[in-house]
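Undergrad: Please read through the structure below; I'll follow up with questions.
The values are calculated or read from the model by the stated rules, or taken from the named source; none is laboratory data. Computed from a prediction, not measured in an experiment: that's the story for all the values here. Here the Cβ positions follow ideal geometry from the backbone for every residue, glycine too, while neighbour counts run over all protein chains shown.
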Amino acid sequence: MSWTLKKKAQARLAQEQGTIRKDWGGKVPVALVYPNTYAVGMSNLGFQTIYWYLNQLPDVVCERVFLPDPEDADELRRTSTPPFSLESLRSLSDFHMVAFSITYEGDYINALRLLALAGIPLRTADRGPHDPLVLMGGVCAFSNPEPLAPFMDFIVVGEGEELVGELIQAYREGYRERQSFLDRLVTIPGIYVPDRYGVSYQPDGTVAAVLPREGASAIVTKRRLSDVNRFETISLVKTPHAEYGHMALLEVGKGCGRGCRFCLEGQVYRPVRHRSVASLTETVAKIAKDADGKRIGLVGACVSDYPWIGDLLKVVEDQGLELSISSLRADSLTPDLVAALARGGHRTLTVAPEAGTERLRRAIRKVITDEQLYAACALIRRHGIPNLKCYFMIGQPTETLEDVEAIPDLAQRMLERLRVLDPVGKPFGRLTLSISSFVPKPWTPFQWAPFDTVESLQNKLEIIKRGARPFSNVRVLHENPREAALQALLARGDRRVGDFLELATRLEGDWRRALREWDADAAFYTTRERSIDERLPWDHFDVGVKKSGLIREWERAGAEAAPRPVG
């Protein structure tokens, strides 16, 4: 092992609060792997939650593993250092289970690279009795895990708070050898064993059937947590190296009732479940006792829709904590909420119009009016917040050139309302337009829509940047459309996309070269519009979303996209 990398890991641990260290004796060792850097992984509340609950099991020792930082790549290669855990510096291959927490398709290649660096066979079919069991959880595990199916021994489908205990109990009671254990896992609701399902394809390349083998259920049903108050969801390990620093993250509930047609989270986390104020009050009090816990970030799909937000704000302030919320809906902002954010030192308020015109917002069911956005501008200036950030998407279904040109036009109109002095005489700071490319996601009404071409998306970005250029305090940020195209490939891919992932892994993560060398057409998965009659790669899952409802919303999107008559 590299002495340099070892010292870096030890230095990180020394700066953490809440690290869990356990002796390995007589326990099941589980490596919880976030396939991205330490800073990104430690900012993920789901990752932190599972780390905590696994370590609450007396017969488990759970340690964290991350993708090496980019600046460490040369040192890793020079010393042939395998991926290792943060807590005990043990190699990934020393653990009985390697559990990936995956929330973003772009991390698929990173996950396989970590396996390769550890000397663990990539494909489950190639693993032997002495290799770790490899599994995945996270939202990608129950949206569409099929591109990773050839590499995962099993997949945790759904919310894992209850499921992890059942999994460890099954391992303790019945692990003798790999195949018999997987046979047992097939019987546990919410566990998907890909090897127990065969996939056939039509001559046109679409999925013909997914056939369960003996013992497996025809439909894999997502596990859902019925009582969210039973499990506390909070970032208990704090580090200055996380994206949010020492701020404690607290989940106020699961799901969103808004039904935006592009949004995966708003579909697969249904029904909406809110934590009670009483439950959150206990957690907030615990955070307040922490010497560094003076700032709390509320997390949820739509925090400003929390029914008792006023009561919760009072609890937070009574405990002497500063409040932070990552993104809010412009139509549910209240003076009390914005005032609380301002008192908490919030320098930037973030809203997500998603589209430049009301017509397109109706089509995607993000029903926010221009007037509500203007009201949000007035509200943040009234309370002295100096900066505003707005999320937009390009390439959405029914989008026209007018919709794209409307984004900088809307920014100009918002800027006119922002360029006023706040109550203490300070001017407005900056309006940031954060532009992403629309990626069709499974389990949404837009799952049948085509992904826009990279060339088209690049042209649209140029239109927006050109339109915003005259305004000195408007900044345009955007992702690379080519990376969005990769995400689109993986989001709706089938098992054959695993060949591409394996090739990219062999090429040390060079996915652009892998796309050129792959003997398949990526456009089949990206820019092709699906028929509603087509069998989709994820149709053998039940995540609580009815296909008939998605079809109805897909058809309504076209009807609601039409301009409204004047008069």
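Undergrad: Can you spot a residue in segment 361-374 that is acidic (Asp, Glu), assigned to a helix (DSSP H, G or I) and within 22 Å of LEU457 (Cα to Cα)?
TA: no
Undergrad: Related question: Out of (1) more than 22 Å from LYS441 (Cα to Cα); (2) crowded, with 20+ Cβ neighbours inside 10 Å; (3) not aromatic (Phe, Trp, Tyr), what's the single condition that is false for PRO121?
TA: Of (1) more than 22 Å from LYS441 (Cα to Cα); (2) crowded, with 20+ Cβ neighbours inside 10 Å; (3) not aromatic (Phe, Trp, Tyr), only one is false for PRO121: (2).
Undergrad: Now, a different point. Filter segment 165-190 down to residues that are among the aliphatic types (A, V, I, L, M) and in contact with a strand residue (DSSP E or B) (Cβ under 8 Å, 6 or more places away or on another chain), then give me how many there are.
TA: So the count comes out to 4.
Listed here are the residues, each with its yes/no results for (1) surrounded by fewer than 17 Cβ atoms within 10 Å (Cβ to Cβ); (2) modelled with pLDDT of 90 or more; (3) within 22 Å of GLY544 (Cα to Cα).
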| position | (1), (2), (3) |
| --- | --- |
| ARG273 | yes, yes, yes |
| ALA278 | yes, yes, no |
| VAL284 | no, yes, no |
| ALA291 | yes, no, no |
| CYS302 | no, no, yes |
| GLY310 | yes, yes, no |
| LYS314 | yes, yes, no |
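Undergrad: Name the residue, out of LEU328, LEU337, LEU360, that is touching a residue at least 24 places away in the same chain (Cβ under 8 Å), surrounded by 20 or more Cβ atoms within 10 Å (Cβ to Cβ) and within 24 Å of the chain's Cα centre (by Cα).
TA: Only one candidate passes the filter, namely LEU328.
Undergrad: If you go through segment 374-432, how many residues are within 30 Å of GLU555 (Cβ to Cβ) and crowded, with 19+ Cβ neighbours inside 10 Å?
TA: Total meeting the criteria: 13.
Undergrad: Being farther than 27 Å from GLY266 by Cα, outside any helix (DSSP H, G or I) and in contact with a helix residue (DSSP H, G or I) (Cβ under 7 Å, 6 or more places away or on another chain) narrows it down to one of PHE392, PHE428, so name that one.
TA: After ruling out the rest, the residue left standing is PHE428.
Undergrad: Within segment 70-77, does at least one residue satisfy the condition of being farther than 19 Å from GLU243 by Cβ, in contact with a Pro (Cβ under 9 Å, 6 or more places away or on another chain) and surrounded by fewer than 19 Cβ atoms within 10 Å (Cβ to Cβ)?
TA: yes
Undergrad: What's the number of the only condition in (1) surrounded by fewer than 20 Cβ atoms within 10 Å (Cβ to Cβ); (2) touching a helix residue (DSSP H, G or I) at 6+ places or on another chain (Cβ under 7 Å); (3) assigned to a strand (DSSP E or B) that LEU250 fails to meet?
TA: (1)
Undergrad: Listed residues GLU87, GLU75; which is touching a Leu at 6+ places or on another chain (Cβ under 7 Å) and either more than 20 Å from VAL164 (Cα to Cα) or among the β-branched types (Val, Ile, Thr) (or both)?
TA: None of the other options fit; the residue is GLU75.
Undergrad: Condition test on VAL316, is it of a type in the set (A, V, I, L, M), assigned to a loop (DSSP other than H, G, I, E, B) and farther than 21 Å from PHE471 by Cα?
TA: So VAL316 fails the test.
Undergrad: Collect the residues in segment 520-556 that are closer than 18 Å to ARG261 by Cα and assigned to a helix (DSSP H, G or I), keeping them in residue-number order.
TA: Across segment 520-556, the qualifying residues are LYS547, SER548, GLY549, LEU550, ILE551, ARG552, GLU553, TRP554, GLU555, ARG556.
Undergrad: Check PHE154 against each of (1) over 25 Å from the mean Cα position of the chain (by Cα); (2) at pLDDT 95 or above and name the one condition it does not meet.
TA: Against the list (1) over 25 Å from the mean Cα position of the chain (by Cα); (2) at pLDDT 95 or above, PHE154 comes up short only on (1).
Undergrad: Does segment 524-534 hold any residues that are in contact with a Ser or Thr (Cβ under 9 Å, 6 or more places away or on another chain) and either under 17 Å from PRO194 (Cβ atoms) or buried (at least 20 other Cβ atoms within 10 Å of the Cβ) (or both), and which are they?
TA: The one that is in contact with a Ser or Thr (Cβ under 9 Å, 6 or more places away or on another chain) and either under 17 Å from PRO194 (Cβ atoms) or buried (at least 20 other Cβ atoms within 10 Å of the Cβ) (or both): THR526.
Undergrad: Could you say whether any residue in segment 384-392 is under 23 Å from THR527 (Cβ atoms) and at pLDDT 95 or above?
TA: Scanning segment 384-392, I find at least one residue that is under 23 Å from THR527 (Cβ atoms) and at pLDDT 95 or above, so the answer is yes.
Undergrad: Do you know which residues across segment 158-204 are more than 16 Å from LEU32 (Cα to Cα) and touching a Phe, Trp or Tyr at 6+ places or on another chain (Cβ under 6 Å)?
TA: GLY158, TYR175, PHE181, LEU185, ILE191, VAL193
Undergrad: Which residues, taken from segment 363-373, are surrounded by fewer than 21 Cβ atoms within 10 Å (Cβ to Cβ) and under 22 Å from LEU264 (Cα atoms)?
TA: Across segment 363-373, the qualifying residues are ARG365, VAL367, ILE368.
Listed here are the residues, each with its yes/no results for (1) in contact with a Lys or Arg (Cβ under 7 Å, 6 or more places away or on another chain); (2) buried (at least 17 other Cβ atoms within 10 Å of the Cβ); (3) not in a loop (DSSP other than H, G, I, E, B).
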{"site": "ARG21", "(1), (2), (3)": "no, no, no"}
{"site": "GLY26", "(1), (2), (3)": "no, no, no"}
{"site": "THR49", "(1), (2), (3)": "no, yes, yes"}
{"site": "CYS62", "(1), (2), (3)": "no, yes, yes"}
{"site": "LEU86", "(1), (2), (3)": "yes, yes, no"}
{"site": "SER93", "(1), (2), (3)": "no, yes, yes"}
{"site": "ALA111", "(1), (2), (3)": "no, yes, yes"}
